């Protein structure tokens, strides 16, 4: 699968003036109402601070993600227009221009940049034309060419918030899209035909309408944010004002106490230095204020690791090297020396440590402490060195056991693989739902899954962890992670959600179940690189799910027919494929993935992978 930006949003459905066709209505006012823009739960954060006001030609930061979101939001109005008029697009250029003006006025109310609509869209792209898709302009044209009932009519009618219903609807849409392309005969109209499929599904077929949660999240692919009840909103502001006043008083008191404490600390600092038994007394560890982690001195870590001896070198982790160490109390630890990171300074590092040190779950590697070397004024180093101290995992990482190189580790048994997958899933579930705001790991991979003495898995390496704002995706200008595990929307647009971790988790499932690496550039049987998601997908769509499984599992895990382990193994593979689907909306949440793995809910039929159609969640190979 080639990862690339499928098509720029700004040329989407653009038509030259000569291709425009006249329609019965000619109007300079917009026939649709955009009030829904103010109350549907769409991620306005995608477009905040993304354009410079006043000049539409000014480059936009995160323009792809912003304009894709706006296209979906604008599409809701076109679905309404289709429902009331039976026309797939607007009647003329003047009407389209008026609608974009009205649309921008709603964006202004939301305090978004004043030039978004003109930056993202050309009014021509929303004007009716017989040269968009199979000469279809109206619902009547659609039914004449496809029949009175299509797969969309039977698959997209009900509530699409249900994962299975959404998957069935999207699968039907892809099939109808192929029919339209066959009728049109011009693959360059692929995007226009897909656009019509989305509008028809949301505007004509779905009984709950284009503004329903299911239509917004499924055919339009909008990452919804939670709605706030009106009364709750009033209470929020009322109590927020009271809380703000109280907060100012409390903070003022703490500031006063801090200044007083700081003066005493400085006054006593000389005595501490002379006695050598201050915060970093010899062989002593004290908890740093405001964190649950131990604050180590560099000498303690050097002693624990024998001056970071090569014999204690464990390996490279995310942005650092890891050494095995033994503390004075006999505890075995892993000391990571941060080599490069996103931390902008010591304050940023300490904030990250504070977040991580508050996490407590049996499927997460415990952070024991940290160290900043050079923080004290006595140090002459120009660049501070930062260290993280974790509990030591005696069985190394998952990659070592799946793909042993120098060592001859025995292959993982089926019970071990099953437990590891479930352990990782439960660790991610805690990060996504067990803490507020949620934490997105961003680098789930086999080397970041460590195994304890009992071969139980723990998710490690939170150097990349990022807390999300409640109900919103996280947009970042720096994509961090590992090729082969990165979700397409994150790799292409920097759009980070919980589903980005789910994608990486799906790849890990496939590695565990198939015994093959996520990305292998040294395949002898193929001139191109091997990507496990493509390979497993092709076998499964051909009905050969058994060929995906690691041969060792088939030889050692399928003897107990009463438990039907092969059937359970195949279910795990299907969950992996679904989690690693290129479309965000078709991936389950990590909680739903756990239920599927444990057999509490059925795995829905795996929908087809789409061609590159310009949809925000689409990416893939060109057919």
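Between residue 93 and residue 452, what FRET efficiency comes out of the Förster formula 1/(1 + (r/R0)^6) with R0 = 56 Å and r the beta carbon distance, rounded to 0.05? Could you put the intermediate results ahead of the total?
Working: r = 66 Å, r/R0 = 1.17.
The calculated FRET efficiency here is 0.30.
What is the spin-label model distance, in nm, from residue 391 to residue 86 if the labels are put 7 Å beyond Cα along the C-beta direction?
The answer from the label model is 6.8 nm.
Report the full-extension gain for the segment residue 568 to residue 329: residue separation times 0.36 nm, less the Cα-Cα distance, to one decimal in nm. Intermediate values should be presented prior to the final figure.
Working: separation 239, 0.36 × 239 = 86.04 nm, distance 4.44 nm.
Length difference between fully extended and current span is 81.6 nm.
Highest mean first, how do 452-460, 585-593 rank when packing is the count of other Cβ atoms within 10 Å averaged over residues? Intermediate values should be presented prior to the final figure.
Values: 452-460: 18.7, 585-593: 21.4.
My ranking of the peptides, most packed first, is 585-593, 452-460.
If the chain between residue 207 and residue 182 were fully stretched, how many nm would it gain, using 0.36 nm times the residue separation less the Cα-Cα distance? Working shown, then result.
Numbers: separation 25, 0.36 × 25 = 9.00 nm, distance 2.82 nm.
Extra length from residue 207 to residue 182 when fully extended: 6.2 nm.
If we count other beta carbons within 10 Å of each Cβ, what is the order of 74, 220, fewest first?
Sorted ascending by nearby Cβ count, the order is 74, 220.
Given a Förster radius of 41 Å and the C-beta distance between residue 360 and residue 520 as r, what FRET efficiency does 1/(1 + (r/R0)^6) yield to the nearest 0.05? Mind dumping the intermediate values first?
Working: r = 37 Å, r/R0 = 0.89.
Result of the calculation: an efficiency of 0.65.
Between segment 156-170 and segment 390-439, what's the alpha-carbon centroid distance in Å?
33 Å
Between residue 143 and residue 109, what FRET efficiency follows from the Cβ-Cβ distance if R0 is 51 Å, with the result rounded to 0.05? Write down the numbers at each step before the final one.
Details: r = 38 Å, r/R0 = 0.75.
Working from the Cβ atoms, E equals 0.85.
Treat each spin label as a single point 7 Å out from the Cα along the C-beta direction, and report the residue 605 to residue 154 distance in nm.
It is 0.9 nm.
By counting other Cβ atoms within 10 Å of each Cβ, how are 336, 541, 106 ranked from fewest to most? Intermediate results must be reported in sequence, preceding the final value.
On the way: 336 25, 541 13, 106 17.
Fewest-to-most Cβ neighbours within 10 Å comes out as 541, 106, 336.
Fewest to most neighbouring Cβ within 10 Å: what's the order for 509, 577, 338?
Details: 509 28, 577 23, 338 20.
In order of increasing Cβ crowding within 10 Å: 338, 577, 509.
We did not get these values from a lab; they are worked out from the coordinates using the rules stated. These figures come from a predicted structure and were not determined experimentally. Glycine gets a Cβ as well: all are built from the backbone with ideal geometry, and neighbour counts include every protein chain shown.
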